[in-house]
Amino acid sequence: MDVKEQIQKMRPIDDTFFEVLIEDKLVCQEILRIVMEDASLEVLEVVPQRSIRNLGYRSVRLDAYCKLGDNSLCNIEVQRSNNDDQHRRARYNAASIVTRETDPGLHFRNIPDIYVIIISEFDIFHKGRMVYHTSQCIEETGDFISDGERRIYLNTENTDDSEIGLLMQAFKQTQVDSRKYPYMHRRIHHLKESEKGVGYMCEIMKEIVDEEIKEIAIRMLKKGSSIEFVSECTELDYDYVKKLKDELRYATVS
């Protein structure tokens with residue numbers, strides 16, 4: 001199957017396609033208005049494929065990161081595989097975003113609220129529900145604590161005929177209803193049918209592959225592999241691998 005055929009089979013639940021789909025601010029807003037049940041919600045900015053990177057430690061790749069009209073932050077992730085601790089992943093991503101976006105001298109009361117939305121093909125909690133809202137709770141009293149972070153877990157496994165349920169069904173389709181989701185339909189048509197859109201998708205897919213190879217090289221270097229060996233295994237240029245090793249050494253020292 002060539003790349004163009006792969007693109008035709010992609011759905012919003014596929015993370016690579018979702019990253020590009022959600023770049024359109026109006027698509028992001030269309031989705032969030034349904035998920036957060038707020039018809040007046042406004043998306044001010046979308047920063048897709050955002051990486052918060054620290055070579056010495058762990059890097060974070062976000063499917064879609066955006067700022068809302070009330071100045072709160074929002075991270076949207078799609079998950080097809082259940083091979084990691086999704087709750088700790090969500091906590092780590094939220095902490096990374098807030099740390100990156102907050103000035104060191106800012107009073108804690110002024111730290112922006114953040115929503116973490118995870119859309120998965122599986123029911124993370126195995127409770128037979130489609131939507132789960134989570135928040136901090138005092139175990140002894142049952143009272144909730146508002147610390148500015150809210151998580152919404154959704155899945156395409158347990159759908160119904162509600163607005164959110166229909167959206168989750170659309171996430172598993174290669175095309176969506178143009179009357180119900182006009183902005184998502186327009187964006188999907190552009191990415192799959194126009195020469196410019198298909199070309200852009202091809203570029204993004206290549207970038208993602210290159211980024212994955214880079215991550216493999218970094219892991220190998222951290223484990224002590226030589227520059228020559230890493231260059232040979234990954235087919236990356238020797239000087240580029242050497243630069244990665246120098247950056248790792250600098251990050252460790254500092």
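The values are calculated or read from the model by the stated rules, or taken from the named source; none is laboratory data. The shown structure was predicted, so the numbers you read here are calculated from the model rather than taken from an experiment. Here Cβ is always computed from backbone atoms with ideal geometry, including for glycine, and neighbour counts include all displayed protein chains. Just so you know, the surface numbers come from the protein's heavy atoms only, side chains and all, with ligands and any DNA or RNA stripped out. Shrake-Rupley method; radii C 1.70, N 1.55, O 1.52, S 1.80 Å.
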Open item on the list: Please identify the DSSP H helices in the chain that span no less than 18 Å along the helix axis (Cα) and have a mean Kyte-Doolittle hydropathy of -0.5 or more.
Closed with: 195-222
Task: Compactness index (Cα Rg / 2.2 N^0.38 Å), the chain - done: 1.11
Open item on the list: How much accessible area per residue does the chain have, counting only protein heavy atoms and a probe of 1.4 Å, in square angstrom?
Closed with: 58
Task: Restraint check, Lys222/Lys245; Lys214/Lys243; Lys25/Lys214; Lys25/Lys206; Lys4/Lys206; Lys223/Lys243, Cα-Cα greater than 19 Å - done: Lys25/Lys214; Lys25/Lys206
TODO: Lys and Arg at +1, Asp and Glu at -1: add these up for the other residues within a Cβ distance under 12 Å of Leu167 and post the number.
DONE: -3
TODO: Output the peptides 73-79, 20-26 sorted from most to least packed, where packing is the average of other Cβ atoms within 10 Å over each peptide's residues.
DONE: 73-79, 20-26
TODO: Return the long-range amide H neighbours of Glu77 (sequence gap of 5 or more, or a different chain), with a cut-off of under 5 Å between placed amide H atoms.
DONE: Ile117, Ile118, Ile119
Task: Sequence-distant residues sharing a close amide H with Glu149 (under 5 Å, placed H) - done: Ile114
Task: Spatial separation of Cα centroids for the range 181-202 and the range 93-149, in angstrom - done: 32
Open item on the list: Report the per residue volume, in Å³, of the convex hull enclosing the C-alpha atoms of the range 141-254.
Closed with: 255
- [ ] Could you give the C-alpha radius of gyration of the range 154-215 expressed as a fraction of 2.2 N^0.38 Å, taking N as the number of residues it contains?
- [x] 1.43
Task: Beta bridges by DSSP in the chain, antiparallel share as percent, to the nearest 5 - done: 55
TODO: Report in % the part of the accessible area of the chain that belongs to carbon and sulfur, leaving out ligands and nucleic acids; probe 1.4 Å.
DONE: 47
Open item on the list: How far apart, in nanometres, would the label points at Asn110 and Phe122 be if each is projected 7 angstrom from Cα along the Cα-to-Cβ direction?
Closed with: 4.3
